[in-house]
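Trainee: Supplied in structure tokens, the structure appears directly below.
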Amino acid sequence: MTFVQQEFLVFFALVLAITWGMPLVGERRRVAQNVVLLVASAVFYGWVEPWMLGLLLFSTALDYGVTVGMARWPERRGRLLALSLVGNLGLLGVFKYLGFFVTSVGEALTALGFKVHWPTLEIALPVGISFYTFQTLSYTLDVYRGKLTPRRSFLDVALFVSFFPQLVAGPVERARDLLPQLERPRQAAAGQLASGLSLALWGAVKKIVVADQVALYVDRCFVLNEPPPTVLFMASAAFAVQILADFSGYTDIARGTARMLGVNLTHNFDRPYLAESPSDFWRRWHVSFSSWIHEYVYLPLCGRSADDDGPPPSAARRTLATFGSLLISGLWHGAAWKFVLWGAYHASLLTLWRAVSRRSPVSAPRPLKIGVMFVCTVFGWLLFRMQDGDTLRHVLQTAPWAGWSRAWPTVYALVGVVSVGGGVLALGGAVEARVSALRSSPWRPSVELAWWALAASLILLMARSTQSDFLYFRF
Amino acid sequence: MTSSTSASEPLDPWARPQPRALALGLACAAAVVGLMAVGVRALADQVGNPRAAQAVEQVRSGAPWIIVGNSVAQSVVDPARLAERLETDAVAQAAIDGALGPHVAALLRHHPPSPGATVVVLMPTHNLLAGRLPSESDRALLVELLRAPDAPLTSLALGGAVSALDLWTRDRDRARSGLLSAVTATPLRLVSALSGVPVRLDSALSELGAEAGPIAGPSGPLPGAAPGRPVVEAEELPPASSVLPLLVEAAEEGDFRLVVVVPFDRRRQDAPCRVAPEDEAGRWLNEAGVSVVDLRGAPLDPSAFSREFHLHNAGRAQGTDLLAEGLRAVAPGGYISGACGR
């Protein structure tokens with residue numbers, strides 16, 4: 001099930017009514033609420049492919065067992081952690097990367113002159129496996145490091161892994177943030193419900209009014225055979241708008257629905273296209289995931305931990321850690337070389353930025369830095385969105401202005417798409433922020449009612465009969 | 001959110017909303033919805049559905065030959081080549097992707113071509129005989145083509161008169177399409193004004209090799225649908241209860257000649273001749289005085305097909321030539337067949 005399906009509205013209304021309407025108090029109410037949410041999460045996740053619930057249950061049971069084992073046999077913590085890593089990453093490896101690996105090895109052997117006829121593996125990718133694998137691993141890693149006490153309640157742990165608003169496309173929650181919220185009694189509060197609804201509606205506006213419309217133009221351009229580079233670049237700029245609207249829209253719906261259920265999820269985007277540098281970009285884009293990578297991959301590769309105040313690592317080690325973590329980050333997005341290339345590109349940007357900023361005596365004006373970073377980001381999205389390596393080869397082998405006489409109408413039209421799409425995102429974001437800043441103002445209900453009417457009208461007006469999936473479902 | 005509220009926590013204005021604030025909020029919400037409804041209506045009046053508008057434009061173009069149908073017609077007919085083969089001034093291509101019989105009837109009944117024109121209806125017979133329209137987008141396209149109430153057609157295709165929801169969907173689709181067009185048309189208009197060269201995005205994209213057709217078409221086929229075939233097949237009606245009598249009536253009233261073409265069929269190329277629904281429809285049309293060209297058994301190279309009824313770009317030239325032969329040979333009310341002659 002997805003957030004923009006009509007079934008979801010009925011499903012969520014039911015879950016909300018049962019969660020807040022149950023006539024229980026205290027701990028019994030909390031447990032009952034968690035049972036309802038767990039069952040709802042199973043229905044949400046298994047709606048189309050019930051077999052995928054088996055994988056989710058396996059991951060949950062494995063990490064629950066491993067963390068309980070860590071508490072019981074502290075001396076075996078290392079082995080138990082290894083078991084969790086092998087189990088979770090093994091599952092991810094088989095379902096997400098095995099086909100890619102087999103194909104790539106086959107192609108490499110063929111290129112070396114060996115005659116290889118391996119069958120192509122067609123393994124269905126379970127929705128959200130990358131997200132929940134990283135989420136459940138954060139729990140085990142935190143218990144292993146002693147930052148979190150292992151939970152005895154399987155119900156709470158299972159709900160932490162499968163909480164439906166963020167199960168299939170994040171935010172990637174840390175156990176230390178989400179678990180305590182699931183362990184506290186929760187009561188309905190009208191203001192919380194209202195602000196959750198405001199946020200969820202804004203998320204739906206981003207998805208339906210911006211992302212799905214911009215996608216119409218982006219998809220047309222990326223299937224062109226050898227398009228002029230200017231068209232590809234502007235289409236990538238449009239894709240930058242689309243992917244932000246799509247993914248942050250999903251996150252806002254997730255955060256809004258979770259808030260209505262009494263749970264606060266992590267803020268995942270902080271105006272990423274206003275980043276002034278590559279490192280700034282990663283502090284603003286998909287924050288829950290990039291901070292996960294920073295804490296559990298980058299810092300260990302640097303030989304440090306999050307609480308470590310020791311001397312900074314050498315430049316060489318930092319560079320190695322940057323490439324390692326961003327290559328993993330790229331591969332996390334999908335089993336394809338273009339994602340590896342995208343990770344390597346961002347790692348190169350970060351490394352280059354560090355070298356330049358350290359030596360540069362003056363700082364460039366902020367608008368210039370934002371502009372340069374945006375152009376760099378857009379080129380990254382070109383790598384991310386391109387159909388195959390031929391596109392990149394074509395771009396690199398063709399003069400940037402080639403085909404301009406045929407390209408300019410499309411380029412100018414795409415300028416319109418980027419401007420209007422980006423404008424709606426910026427303006428809507430500002431309005432939503434103003435609405436949520438009202439907090440205790442007595443006029444907040446008036447403003448929110450008007451905002452809901454506007455958002456719902458825009459959604460009704462712009463919804464396509466062929467709704468497209470959220471982009472990050474593929475990852 | 002917890003059960004307890006600390007003294008430092010801000011008060012929740014939703015817990016006990018002020019009546020004045022609620023009333024103002026509801027008034028604002030009503031105003032927003034009202035403005036939106038009025039805006040949609042106003043915008044819809046100025047904008048047409050691009051798919052329907054293009055077809056109407058072609059039917060009304062004054063061309064002596066007009067091809068009407070769905071994506072099968074688009075894949076079979078090269079209008080310029082057909083005009084050459086028929087030695088006529090122009091052939092207008094008014095085929096609509098995804099169209100079914102009721103859409104063709106709506107097009108010809110509500111936007112009749114010039115008197116004396118020849119209208120060639122080319123679509124698989126099961127599409128032509130379709131009854132109740134199966135999807136929202138099919139319904140929307142039909143409503144878009146109607147200019148006035150049409151009880152015989154809407155009761156057949158929609159199961160009743162056009163509903164308020166159908167009209168809202170039409171207006172909404174038009175408004176959305178208008179808004180999206182404005183987004184890309186505005187910078188293009190500026191550039192066109194400066195350069196003096198009028199430009200359209202769809203034609204610019206076509207020049208770059210993109211598929212033809214409007215980008216922001218609101219009533220595109222449903223996911224998984226092959227062009228020209230809805231996901232849920234429409235029920236096929238017997239010829240006498242289908243849109244065929246309505247088409248004949250439109251031809252008589254509009255004083256244009258109607259020719260129905262049964263398209264090439266990959267399955268029937270090697271199949272033995274047998275009685276098929278097409279034959280029943282053909283007989284009915286012949287009895288009603290309508291010419292039928294049956295291309296099922298025509299000597300078309302099998303490699304020309306891309307799907308059951310659709311041809312590749314490369315096969316279109318051969319398909320157009322064979323169609324031209326059939327159209328040249330058919331006498332009013334006659335029946336020209338391929339291999340499955342009768």
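Trainee: Counting other C-beta atoms within 10 Å, and keeping those with at most 15, which DSSP coil trypsin sites (Lys or Arg not before Pro) do you find in segment A:354-442? Kindly include the intermediate steps, with their values, before the conclusion.
Mentor: Numbers: sites: A:Arg354, A:Arg358, A:Arg359, A:Lys369, A:Arg385, A:Arg393, A:Arg406, A:Arg434, A:Arg439; in loops: A:Arg439.
When the trypsin sites (Lys or Arg not before Pro) of segment A:354-442 are filtered for loop state and at most 15 Cβ neighbours within 10 Å, A:Arg439 remain.
Trainee: Return the sequence-ordered ³J(HN,Hα) values of segment A:87-101 in whole Hz as given by the Karplus equation 6.51 cos²θ - 1.76 cosθ + 1.60 applied to θ = phi - 60°, using x for Gly and Pro.
Mentor: With the stated coefficients, segment A:87-101 comes to x, 6, 6, x, 4, 4, x, 5, 7, 9, 10, 4, x, 4, 5 Hz.
Trainee: Can you return the lysines within cross-link range of A:Lys147? Criterion is Cα-Cα under 28 Å, with same-chain partners fewer than 8 residues away left out.
Mentor: Qualifying lysines at Cα under 28 Å: none.
Trainee: To make sure I understand, if each residue's beta carbon is the centre and we count other beta carbons within 10 Å, what order do A:Lys338, A:Lys115 fall in, fewest to most? All intermediate terms of the calculation are to be shown ahead of the outcome.
Mentor: Working: A:Lys338 20, A:Lys115 6.
Going from least to most buried by this count: A:Lys115, A:Lys338.
Trainee: Please report, in whole Å, how far the alpha carbons of segment A:346-420 spread along each principal axis, starting with the longest.
Mentor: Dimensions of segment A:346-420 along the principal axes of its Cα atoms: 43, 30, 21 Å.
Trainee: Now a separate question. Calculate the dipole size of chain A relative to its Cα centre from +1 charges on Lys and Arg beta carbons and -1 charges on Asp and Glu beta carbons; express the result in debye to the nearest 20. If you can, show how the numbers build up before the last one.
Mentor: Values: 42 positive and 29 negative charges, 200 e Å.
So the dipole magnitude of chain A works out to roughly 960 debye.
Trainee: To make sure I understand, if each residue's beta carbon is the centre and we count other beta carbons within 10 Å, what order do B:Glu325, B:Glu252 fall in, fewest to most?
Mentor: Values: B:Glu325 15, B:Glu252 12.
Lowest to highest Cβ neighbour count: B:Glu252, B:Glu325.
Trainee: Taking a ≥ b ≥ c as the square roots of the eigenvalues of the Cα gyration tensor of segment B:1-132, is the shape rounded (a/c under 1.5), prolate (a/b larger than b/c) or oblate? Let's see the in-between values first.
Mentor: Numbers: a/c = 4.45, a/b = 3.25, b/c = 1.37.
Prolate.
Trainee: Let me ask another. Count, for each residue of B:33-43, the Cβ atoms from other chains sitting within 10 Å of its Cβ, then give me the mean as a whole number.
Mentor: Mean partner shielding for this stretch: 2.
Trainee: I'd like the per residue volume of the convex hull spanned by the Cα atoms of segment A:168-304, given in cubic angstrom. It would help to have the intermediate numbers written out before the result.
Mentor: Working: hull volume 19.4 nm³, N = 137.
So the per-residue Cα hull volume is 141 Å³.
Trainee: Is the C-alpha gyration tensor of segment A:6-188 telling us rounded, prolate or oblate? Criteria: a/c under 1.5 is rounded; beyond that, a/b larger than b/c is prolate, otherwise oblate.
Mentor: Details: a/c = 3.32, a/b = 1.54, b/c = 2.16.
Verdict is oblate for segment A:6-188.
Trainee: Peptide A:451-461: average number of partner chain Cβ atoms within 10 Å per residue? Walk me through the numbers before you get to the answer.
Mentor: Numbers: counts 4, 3, 11, 6, 1, 4, 9, 2, 0, 6, 11.
Mean shielding by partner chains, rounded to a whole number: 5.
Trainee: Within 10 Å of each Cβ in peptide B:15-24, how many partner chain Cβ atoms are there on average? Round it to a whole number, please.
Mentor: Values: counts 3, 2, 9, 4, 0, 3, 9, 3, 3, 6.
Averaged over the peptide's residues, the number is 4.
Trainee: Let me ask something else. Putting +1 on Lys and Arg Cβ atoms and -1 on Asp and Glu Cβ atoms, find which of B:Thr118, A:Tyr64, B:Leu180 reaches farthest to the positive end of the dipole of the protein assembly as shown.
Mentor: Value: A:Tyr64.
Trainee: In the protein assembly as shown, with Lys and Arg counted as +1 and Asp and Glu as -1 at Cβ, which of these residues, A:Ala355, A:Ala204, A:Trp285, has the Cα nearest the positive end of the dipole, that is, farthest along it?
Mentor: Selected residue: A:Ala355.
Trainee: Could you work out the Kirkwood radius for segment B:51-193, taking every pair of different alpha carbons, averaging 1/r and inverting it, reported in Å?
Mentor: Working: mean 1/r = 0.0614 Å⁻¹.
Value: 16.3 Å, from the Cα pair sum.
Trainee: What is the distance in Å between the Cα centroid of segment A:275-343 and that of segment A:124-161?
Mentor: 21 Å
Trainee: Any idea what the relative contact order of segment A:256-415 is, in percent, if you count C-alpha pairs under 8 Å spaced at least 6 apart?
Mentor: Numbers: 123 pairs, mean separation 32.2, N = 160.
It rounds to 20 percent for segment A:256-415.
Trainee: Tell me, what is the percent relative contact order of chain A, built from C-alpha pairs under 8 Å that lie six or more residues apart?
Mentor: 18 percent
Trainee: Continuing with the same structure: Normalised by the residues of segment A:224-331, what does the relative contact order come to in percent, with Cα pairs under 8 Å and at least six apart?
Mentor: About 14 percent, as a whole number.
Trainee: On to the next question. Over all directions, the average projected area of the alpha-carbon convex hull for segment A:300-349 comes to how many nm²?
Mentor: Numbers: hull surface 14.9 nm².
With the hull built on Cα positions only, its mean projection is 3.7 nm².
Trainee: Could you compute how fast segment A:210-251 diffuses translationally, taking Rh as the Kirkwood radius over C-alpha pairs and applying Stokes-Einstein at 10 °C with viscosity 1.306 mPa s? Give it in µm² per second.
Mentor: 153 µm²/s
Trainee: What net charge do the residues around A:Ala190 carry, taking every other residue with its C-beta under 10 Å from that of A:Ala190, with Lys and Arg at +1 and Asp and Glu at -1?
Mentor: Details: positive: B:Arg16; negative: B:Asp12.
Its environment carries a net charge of 0.
Trainee: Using a Debye calculation, one point per C-alpha and no hydration shell, please list log10 I(q)/I(0) for segment B:129-192 at q = 0.27 Å⁻¹ in order.
Mentor: For segment B:129-192, the Cα-only Debye profile gives -1.13.
Trainee: In terms of Cα to Cα distance under 17 Å, which aspartates and glutamates are near enough to A:Lys96, apart from those fewer than 8 places away along the same chain?
Mentor: Straight-distance partners of A:Lys96: A:Glu49, A:Glu122.
Trainee: Radius of gyration and Dmax for segment A:1-88's Cα atoms, expressed in Å?
Mentor: When restricted to the Cα atoms of segment A:1-88, Rg and Dmax are 17.3, 51 Å.
Trainee: How much space per residue, in cubic angstrom, does the convex hull of the C-alpha atoms of chain A take up?
Mentor: It comes to 187 Å³ per residue, whole-number rounded.
Trainee: Then there is this: Could you list A:Ser325, B:Ser135 in order of exposure, starting from the residue whose Cβ has the fewest other Cβ atoms within 10 Å? Spell out each step's value before the answer.
Mentor: Working: A:Ser325 24, B:Ser135 18.
The most exposed by this proxy come first: B:Ser135, A:Ser325.
Trainee: At 10 °C and a viscosity of 1.306 mPa s, what translational diffusion coefficient does Stokes-Einstein give for the protein assembly as shown, taking Rh as the Kirkwood radius over Cα pairs? Give it in µm²/s as a whole number. Please report the intermediate quantities before stating the final value.
Mentor: Details: Rh = 30.3 Å.
D, rounded to a whole number, is 52 µm²/s.
Trainee: Same structure, new question: Helix-derived [θ] at 222 nm for chain A: sum -39500 (n - 2.57) over DSSP H runs of at least 4, divide by residue count, nearest 500?
Mentor: Values: 21 runs with 325 residues, N = 475.
It lands at -22500 deg cm²/dmol.
Trainee: Under unit Cβ charges (Lys, Arg +1; Asp, Glu -1), what dipole magnitude, rounded to 20 debye, does segment A:6-188 have relative to its Cα centre? Write out the running numbers ahead of the final one.
Mentor: Working: 17 positive and 12 negative charges, 151 e Å.
In debye, rounded to 20, segment A:6-188 gives about 720.
Trainee: Provide the convex hull volume over Cα atoms per residue for segment B:35-77, in Å³. Write out the running numbers ahead of the final one.
Mentor: Details: hull volume 3.1 nm³, N = 43.
Taking the convex hull of the Cα positions in segment B:35-77, it is 73 Å³ per residue.
Trainee: State the answer as a single residue: which of A:Trp47, A:Pro180, A:Ser162 lies farthest towards the positive end of the charge dipole of segment A:6-188, with beta carbon charges of +1 for Lys and Arg and -1 for Asp and Glu, about the Cα centre.
Mentor: Result: A:Pro180.
Rule-based calculations on the coordinates, nothing more; no lab input. In this text the structure is predicted, and so the values were computed from the model without any measurement. Note that each Cβ is placed from the backbone with ideal geometry, even for glycine, and that neighbours are counted across all protein chains shown.
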